[in-house]
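Since the structure comes first, as structure tokens, the remarks are kept for the end.
The values are calculated or read from the model by the stated rules, or taken from the named source; none is laboratory data. Please read these numbers as outputs of a predicted model, since none were measured by experiment. Glycine gets a Cβ as well: all are built from the backbone with ideal geometry, and neighbour counts include every protein chain shown.
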Amino acid sequence: AKEVDRGYYQFYSDQMNMENDRRQEILRLLPNALHNDEFHLVLQPRVAATDQRWSSIEVLIRWNSEVLGFVSPGEFIPIAEGSHLIVDIGYWVIREALRQFADHYDELDPDTVLSINLSPKQLEHRDLTRFVAEEIRKTGIPAYRLEFEITEHSLTEESETTLATLAELSNMGIRFAMDDFGTGYSNLGMLQALPLNVLKIDQRFVQRVETGGKDLELVRAIINMGHTLGLTVVAEGVETAQQVALLTELQCDELQGYYFYRPQLLDTLLGGLQREVTH
Ligand code: C2E
Ligand code: CA
Ligand code: CA
Ligand code: CA
């Protein structure tokens, strides 16, 4: 038994060392990634449940590392969030996304907003408001065409800087969405106190509506609660026609997921749209 225990221990500690090495490697490579232009952006529309017009296009970062190959944001964003790097990456995302949005402004529906994910550390950074105001001025994009997606984790510490920044950006006319709703700890009071426009139901709940029963009732309850608070409710991670039918029946306002669009380059997305229109 001793041998077996030692074997297990060895296995887990090797595994942990490997994960730690990979983490350190990513941390080491991220600063260069910014300077070497290894990041790019893909966009994923979310559509109105009623007529499938694009209410938003969400910006998602991609990293193709010269050393590691493709690294998913699910892996490197949490690592960047552990350091100041997320602030620099975040500024790059905002600047690049606004530039692309401005370039294609005339091809987009006037109701389509640009949605950008914000990490908690970015909201803690005092320069954020000034930076965003400056980029808006430079690109000429109206503030109401911009939306930031935040998560409940931004608010766990109830920091004064975060709340002040949210208020400043919201007063400028920028919209806010609560992302991944249902995975954190926000309570009704908090949701009501924040300057929110949109509630995005996390995909793990969305994908379970098909099983019916309690899972379906849970999503119904979230949608009704969102509406009570005056919010637009979005289901993310929608993959099947049955999910679309059920969510529409539950009065979910907007839908996003592979069923409609995979995240892709804005050029490709808009090129595809034009082809659809001409055929
Ligand atoms: P998120 O903001 O919740 O984004 C949704 C994720 O689900 C994206 O993964 C998207 O590609 C994926 N997705 C969309 N539709 C479907 C679907 O129908 N089925 C499934 N299974 N997945 C779907 P992605 O692009 O890998 O991003 C993962 C996470 O990384 C994001 O989750 C977000 O938290 C973070 N992230 C991505 N880009 C940025 C960024 O520019 N800044 C920050 N701070 N975080 C980002
Ligand atoms: Ca998001
Ligand atoms: Ca999400
Ligand atoms: Ca997420």
ask   = Among the residues of the range 155-174, is there at least one that is within 16 Å of ligand 4 (Cβ to nearest atom), surrounded by fewer than 20 Cβ atoms within 10 Å (Cβ to Cβ) and either among the β-branched types (Val, Ile, Thr) or under 23 Å from ILE86 (Cα atoms) (or both)?
value = yes
query = Just checking, how many residues over the range 134-154 are modelled with pLDDT under 95 and crowded, with 18+ Cβ neighbours inside 10 Å?
reply = 3
inquiry  = When you scan the range 94-105, do you find a residue that is closer than 25 Å to LEU27 by Cα, aromatic (Phe, Trp, Tyr), out of contact with any Leu (no Cβ under 7 Å at 6 or more places or on another chain) and touching a residue at least 24 places away in the same chain (Cβ under 8 Å), even just one?
reply    = no
ask   = Is there any pair with a first residue in the range 146-174 that is within 15 Å of ligand 2 (Cβ to nearest atom) and a second that is assigned to a helix (DSSP H, G or I) and of a type outside the set (A, V, I, L, M) whose Cβ atoms are under 7 Å apart and which are 6 or more apart or on different chains, and what are they?
value = HIS153/PRO120; SER154/PRO120; SER154/THR162
inquiry  = Of all residues being hydroxyl-bearing (Ser, Thr, Tyr) and modelled with pLDDT of 95 or more in the range 13-60, which is farthest from VAL113 (Cα to Cα)? Just the residue, please.
reply    = THR50
remark   = The residue that is surrounded by the most Cβ atoms within 10 Å (Cβ to Cβ), considering only those in the range 80-110 that are in a loop (DSSP other than H, G, I, E, B) and within 16 Å of ligand 1 (Cβ to nearest atom), is SER83
query = Within the range 57-66, can one find any residue that is among the basic types (Lys, Arg), assigned to a strand (DSSP E or B) and without any contact (Cβ under 8 Å) to a residue 40 or more places away in the chain?
reply = yes
request  = Note down all Cβ pairs under 7 Å where the first residue falls in the range 108-123 and is away from ligand 3 (no atom under 16 Å from the Cβ), the second is among the hydroxyl-bearing types (Ser, Thr, Tyr) and not in a strand (DSSP E or B), and they're at least six residues apart or on different chains.
outcome  = LEU123/SER154; LEU123/THR162; LEU123/THR165
remark   = Flagged in the range 113-130 as more than 16 Å from ligand 4 (Cβ to nearest atom), buried (at least 18 other Cβ atoms within 10 Å of the Cβ) and either modelled with pLDDT of 95 or more or within 19 Å of LEU266 (Cβ to Cβ) (or both), in numbering order, are VAL113, LEU114, LEU128, THR129
message = Scan the range 241-255 and tell me whether some residue there is within 16 Å of ligand 3 (Cβ to nearest atom) and in a strand (DSSP E or B).
response = yes
query = When the range 193-235 is examined, which residues are found to be over 21 Å from GLY257 (Cβ atoms) and among the small types (Gly, Ala, Ser)?
reply = ALA193, GLY213, GLY230
task = Could you tell me whether the range 242-250 includes any residue that is of a type in the set (S, T, N, Q), under 21 Å from the mean Cα position of the chain (by Cα) and more than 16 Å from ligand 1 (Cβ to nearest atom)?
result = no
